[in-house]
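**Student:** Structure below; questions to follow.
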Amino acid sequence: RLGGKTIIEHVTENVLQTEVCEVIVVVGAYCQEVEQVLNLYPVKCIYNSRFKDGIGTSVAAGAKVVAPH
């Protein structure tokens with residue numbers, strides 16, 4: 001925690017202050033804990049079941065969601 005908030009809260013709040021249309025967070029390990037924190041924010045969480053195979057699988061999972069836009 002930093003200043004009473006988790007790092008993911010700080011990052012999420014900073015991203016939401018930008019002009020992005022939609023924030024998508026790819027979760028894997030500790031997904032329930034992360035999603036519980038992120039439920040307080042207008043973000044979309046997607047689960048990467050292959051998170052143990054490396055960050056590339058999370059990037060690919062996020063790209064699948066973003067690609068139609």
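Read the figures in this text as sums done on the coordinates, not as results from a lab. All values reported here derive from a predicted model rather than from experimental measurement. We place every Cβ from the backbone using ideal geometry, glycine too, and count neighbours over all the protein chains shown.
**Student:** Among the GluC sites (Glu not before Pro) within the chain, which fall in a DSSP loop and have no more than 12 other Cβ atoms within 10 Å of their own Cβ?
**Tutor:** E19, E22
**Student:** Which of the trypsin sites (Lys or Arg not before Pro) found in the stretch 1-46 are in a DSSP loop and have at most 13 neighbouring Cβ atoms, other than their own, within 10 Å?
**Tutor:** Hits after loop and neighbour filter: R1.
**Student:** Magnitude of the Cβ-charge dipole of the stretch 7-64, K/R +1 and D/E -1, about the Cα centre, nearest 20 debye?
**Tutor:** 300
**Student:** Anything in the chain that counts as a DSSP H helix reaching 15 Å or more along its axis (C-alpha) with Kyte-Doolittle mean of at least 0.0? List them, would you?
**Tutor:** 55-66
**Student:** Hey, of [x] 5.1; [y] 5.7; [z] 4.5, which did the structure itself give for mean projected area of the Cα convex hull in nm² when calculated?
**Tutor:** [x]
**Student:** Also, I was wondering about something else. Would you mind getting me the FRET efficiency between L2 and K64? Use the beta-carbon distance for r and R0 = 25 Å, nearest 0.05.
**Tutor:** Calculated transfer efficiency: 0.20.
**Student:** Specify the residue with the greatest mean-square fluctuation among V26, V43, V11, computed from a Gaussian network of the chain linking alpha-carbon atoms under 10 Å apart.
**Tutor:** Checking each option, the largest mean-square fluctuation is seen for V11.
**Student:** Given the DSSP H assignment, sum -39500 (n - 2.57) over each helix run of at least 4 residues in the chain and divide by its residue total; what's the result at 222 nm in deg cm²/dmol, nearest 500?
**Tutor:** -13000 deg cm²/dmol
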